[in-house]
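Below is one structure, written out as structure tokens, with a few remarks after it.
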Amino acid sequence: MGNANLYALLETGFPADRSAVAIETPQRSYTWDDVDRLSAQYANLLANLEMPAQARVAVQVEKSPEALMLYLGTLRAGLIYLPLNTAYREAEIEYFLNDAQPAVVFCTSNNHEWVQRLATEAGASYVYTLDEDGSGSAADMAAKQPDQFHTSHNQQDDLAAILYTSGTTGRSKGAMLSHGNLGSNAQVLHEYWGWQNTDVLLHMLPIFHVHGLFVAAHGALLAGARMIWLPKLDIDQALHYLPQCTVMMGVPTYYVRLLADPRFTREVCANMRLFVSGSAPLLPDTFNEFRERTGHTILERYGMSETVMLTSNPYLAEHGERIAGTVGRPLPGVGVRVVDEQDKELGVGEIGNVQVRGPNVFCGYWRMPDKTRQEFTEDGWFRTGDMGVWGAVKTESSGKASVANTVPDDYLSIVGRSKDLIITGGYNVYPKEIESVIDQMPGVAESAVIGIPHPDFGEAVVAVIVPRDGAEIHPPSVQAQLKTQVANFKVPKRVYVVDHLPRNTMGKVQKNVLRDTYKEL
Ligand code: AMP
């Protein structure tokens, strides 16, 4: 039987000429040979630690080509890659390490001291550093390793990665993704989006998330296509490199930022064939303005950590139009249905819960069998937590007026979230988590955290706080305190102090009322 190891699959796409450039940064280039040799060195480093099968490799490092080599090395060694958002602070990392119990942890040298302490407490045997410039104890150790490695032989169901998604009840869940999940999705997207080895991908997304790592990087690697590798969104650099690129992937914020720069013109995009947007809803205004400015139509797709990619607007014109406000059709092999609260399928135009199945759908939540059972129907469909609709919404809906009447019946639109998730600049914020921290601050009686529309971030986090009798709450100090406890993107942009929160007859806080009150801000 063939090897289902994801690296073995990606490698089938590497070009015959291994001296060609695979990754280019403003500082230096890496050939396909380098990718093979460096990932082999990281694989050897990990394999020599003689960790048990399915050991977790936790990684909280800045984006660099070496960080990608560490990921590929982890795959080659047959271990489980566990990427962590670089914005996470001590208290957050402590939870992930205790929950995942990695055998080895990679961090930046800045954080080494506290990561070492937490990692040891969580039972990890090794901690290495890897910095943005590719240096660190991990790089030093890897450099001493042989540069050949026989990629581990894996089955489709063997785990390749665990991605943590924040939980609505405050507890983060680790989505377990297998080599088969990731490999099947990479192959489907390869075909569907017409990847070629002549493509050049502008890669500016973070690589601790499904979008940058599994959609963008896998796409280029499997195609044997060159990547322009930037540590983050940088408009000057993007404008410099775009003329030689053919593909770009971004969260909606990236497109808003590009449009805000008058230097972003049709000429800059002359070589491009595909702009992909996802992770959060792309506003039809952005979609339209982008088309007018560049002549290109952004392709919006929909997916999540638990499932990788699910739907996509058409790539080929002969398959249909790309329609603003929709996420297109289910990808080949992916099942999508929209159901009511009893899991009964709804018709075209009726808003309901989105459920999915397919070879891309994850294997369950790490050490949460009950939660996993709850999130799947008896007949094996995963409950995404998103609300969606096929075609155009039937009745006049207050939620999403943007769904045009011309939407074909087999196009899906995401109209909201049944869970209370806020997506700001492509990052997920679960209100419950921030509320819990605020509620513990002195003088706070209770709080509600909501997302309000924001032209740049999609949504902005806003906190509404009720003080205890006689207490005074000072919004800037609430923000300052939060900054030391949670990642910056989770810190409310605005904090309001009110006498009481609006509640329904069941005593539940009416967040929709709050959202309405503050939406104009
Ligand atoms: P994550 O697991 O961080 O990728 O977040 C997944 C969630 O992002 C999904 O469940 C959706 O709520 C949202 N999402 C992803 N892509 C889109 C999109 N194109 N439009 C609207 N929401 C999206």
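The values are calculated or read from the model by the stated rules, or taken from the named source; none is laboratory data. Note that the structure is predicted; figures quoted are calculated from it, not measured. Cβ: placed from backbone, ideal geometry, glycine included. Neighbour counts: every protein chain shown. For the accessible areas, the whole protein counts, side chains as well, though only heavy atoms, and no ligand, DNA or RNA atoms are used. Shrake-Rupley method; radii C 1.70, N 1.55, O 1.52, S 1.80 Å.
Structure values in brief
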{"item": "Residue-averaged 222 nm ellipticity for the chain, from DSSP H runs of 4+ at -39500 (n - 2.57), nearest 500", "result": "-8000 deg cm²/dmol"}
{"item": "For the stretch 421-521, the fraction of alpha-carbon pairs in successive 5 Å shells from zero, as %", "result": "2, 13, 26, 25, 20, 10, 3, 0"}
{"item": "Ranked packing of 69-81, 234-246, most packed first, by mean Cβ within 10 Å", "result": "69-81, 234-246"}
{"item": "Kirkwood hydrodynamic radius over Cα pairs of the stretch 1-114, then Stokes diffusion coefficient at 20 °C and 1.002 mPa s, in µm²/s", "result": "140 µm²/s"}
{"item": "Nonlocal amide H pairs with GLY364, under 5 Å, H built at 1.01 Å", "result": "MET176"}
{"item": "Phi to ³J(HN,Hα) by Karplus 6.51 cos²θ - 1.76 cosθ + 1.60 over the stretch 449-461, Hz, x for Gly, Pro", "result": "10, 10, x, 10, x, 9, x, 9, 8, x, 9, 10, 7"}
{"item": "Percent of alpha-carbon pairs separated by more than 38 Å within the chain", "result": "26 percent"}
{"item": "Label point distance in nm, LYS483-VAL498, each placed 7 Å from Cα along Cα→Cβ", "result": "2.6 nm"}
{"item": "Cβ-derived FRET efficiency at R0 41 Å, HIS474 paired with ARG373, nearest 0.05", "result": "0.35"}
{"item": "Heavy-atom accessible surface of the chain: percent carbon and sulfur, 1.4 Å", "result": "48 percent"}
{"item": "Hull shadow area, averaged, the stretch 13-67 [alpha-carbon convex hull, nm²]", "result": "5.1 nm²"}
{"item": "Where the chain is the region considered: accessible area per residue in Å², 1.4 Å probe", "result": "41 Å²"}
{"item": "Under-5 Å amide H pairs with GLY458, H placed in peptide plane, nonlocal only", "result": "GLY425"}
{"item": "Using alpha carbons only: equivalent-ellipsoid semi-axes of the stretch 288-418, gyration tensor based, whole Å", "result": "27, 18, 12"}
{"item": "Amide H partners (placed H, <5 Å) of TYR164, local residues excluded", "result": "ALA175"}
{"item": "FRET efficiency estimate (nearest 0.05) - Cβ-Cβ, GLU321 to THR120, R0 60 angstrom", "result": "0.60"}
{"item": "R0 of 41 Å, Cβ-Cβ distance THR198-GLU289: FRET efficiency to nearest 0.05", "result": "0.90"}
{"item": "About the Cα centre, charge dipole magnitude for the chain (Lys/Arg +1, Asp/Glu -1 at Cβ), debye", "result": "380 debye"}
